Amino acid sequence: MRNDLAGLNAILAVAEKRSFTAASAELRVTPSAISQSIRALEDRVGVRLVQRTTHKVGLTEAGERFVAQLRPGLDQVEQAFACIEDMRDRPSGLLRLSMPRFAFSYVIQPRLAAFLAKYPEIRLDVWVDDARVDIVEAGFDAGIHLGETIAREMIAVRVSDDQRMAVVASPAYFATHGKPKHPRDLRTHDCINYRRSPADSVYRWEFTENGRDFEIAVEGRIQVSDRELMVVAALDGLGIAYVAESRVAEHLSAKRLVRVLAGWSPPFPGLFLYYPSRANIAPKLRALVDFLRPTPRKQAPRS
């Protein structure tokens, strides 16, 4: 009986005010609208609910029983709407996110404490998985991934600078095996391979030469399903790894790893936060989007 909501509100107001005029003022409608709503409700239930006289308005016995049962139910409905309005206006509630481990370490972890401090009523549920997850089917509010992997129908917001891949190994490895001069030279090196799952093929390393992209299938004694393990193996001197530059930036700065073949790895679009629709975006998600969106860099004044 969803169409009878106006009649339900009308009969509650009449029961409280004992007047069509006072009830109409309460609901900000005309007295005739109150009368029509109640009449339509009575026609629907087939019972007279309101007793009208020239000078008085009251409830019939059926009306008294009906209102007694109705009032608690409508109070709960009002509370439900109030709860939704509260969430619509204030960032709060559980925010479910899916992303690779690298995205969490690079984008979320450095800003997590500040975000939670700014929005104390938001709770985060972060699912870390290097595989691409269907966020709609899995029930996530949003995801973070490399821009080139995100479906075209998603709304995507950049949350990092452009990225570059890096070919790295420990100083000890290169001291023993020498450094490759061209990506083709990698075929003679002990490389650390990556395969995301048993059903996937081994990842082929990607390079660009003179504007043309090409891939190299490398060989090695170690194959892993976690890119962090590639970094660990490279640090241990077990071979050459192919990982995102930002993932190993600290190791490169500390000279724990050495980079080669940088000229064959041009930048590509970095990490993006993505979600299914721009309409009625929840305040909790809007807060995260605004918080992670990079601040525009100020241009230097012209001389």
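The values are calculated or read from the model by the stated rules, or taken from the named source; none is laboratory data. Not measured: the values here are computed from a predicted model. With ideal geometry, Cβ positions are generated from the backbone for all residues, glycine too; neighbour counts draw on all protein chains shown.
Things to note:
- Checking every residue in the stretch 77-91 against the condition of being over 30 Å from ILE135 (Cβ atoms), in contact with a Lys or Arg (Cβ under 9 Å, 6 or more places away or on another chain) and at pLDDT 85 or above gives zero matches.
- Subset of the stretch 34-66 that is more than 13 Å from ARG18 (Cα to Cα) and either among the β-branched types (Val, Ile, Thr) or in contact (Cβ under 8 Å) with a residue 60 or more places away in the chain (or both) - its residue that is surrounded by the most Cβ atoms within 10 Å (Cβ to Cβ): ILE38
- Residue count for the stretch 155-174 satisfying the condition of being over 21 Å from LEU271 (Cα atoms) and either surrounded by fewer than 19 Cβ atoms within 10 Å (Cβ to Cβ) or among the aromatic types (Phe, Trp, Tyr) (or both): 4.
- Test: residue in the stretch 133-147 that is under 18 Å from PRO266 (Cα atoms) and surrounded by fewer than 20 Cβ atoms within 10 Å (Cβ to Cβ): yes
- So VAL231, is it assigned to a strand (DSSP E or B), of a type in the set (Val, Ile, Thr), surrounded by 16 or more Cβ atoms within 10 Å (Cβ to Cβ) and assigned by TED's automatic domain parsing to the domain that holds THR176: no
- Out of SER201, SER253, sole residue that is farther than 25 Å from VAL133 by Cβ and among the hydroxyl-bearing types (Ser, Thr, Tyr): SER253
- Remark: LEU70 falls outside the filter, which requires a residue to be touching an Asp or Glu at 6+ places or on another chain (Cβ under 9 Å) and either under 12 Å from ALA10 (Cβ atoms) or not assigned by TED's automatic domain parsing to the domain that holds LYS17 (or both).
- Just one of the listed residues (LEU27, LEU74, LEU8) is free of Cβ contacts under 8 Å to residues at least 24 places away in the same chain and either out of contact with any Phe, Trp or Tyr (no Cβ under 9 Å at 6 or more places or on another chain) or small (Gly, Ala, Ser) (or both), namely LEU27.
- Residues in the stretch 186-203 that are surrounded by 13 or more Cβ atoms within 10 Å (Cβ to Cβ) and either in contact with an Asp or Glu (Cβ under 9 Å, 6 or more places away or on another chain) or within 15 Å of SER265 (Cβ to Cβ) (or both): LEU186, HIS189, ASP190, CYS191, ASN193, TYR194, ARG196, TYR203.
- Subset tally (residues that are part of a helix (DSSP H, G or I) and not aliphatic (A, V, I, L, M)) for the stretch 12-65: 19
- The stretch 236-252, residues that are assigned to a helix (DSSP H, G or I) and either crowded, with 18+ Cβ neighbours inside 10 Å or under 31 Å from the mean Cα position of the chain (by Cα) (or both): GLU245, SER246, ARG247, ALA249, GLU250, HIS251
- Residues of the stretch 253-295 classified as assigned to a helix (DSSP H, G or I) and farther than 25 Å from ALA114 by Cα, total: 4
- Taking each residue of the stretch 125-141 that is of a type in the set (A, V, I, L, M, F, W, C) and looking for partners that are exposed (fewer than 14 other Cβ atoms within 10 Å of the Cβ) and in a loop (DSSP other than H, G, I, E, B) with beta-carbon atoms closer than 8 Å, six or more apart or interchain, yields ALA131/SER197.
- Pairing residues of the stretch 255-277 that are closer than 25 Å to LEU186 by Cβ with residues that are in a strand (DSSP E or B) and of a type in the set (S, T, N, Q), at Cβ distances under 7 Å and at least 6 apart in sequence or on separate chains, gives TRP264/THR208; PRO266/THR208; PRO267/GLN163; PHE268/GLN163; GLY270/GLN163.
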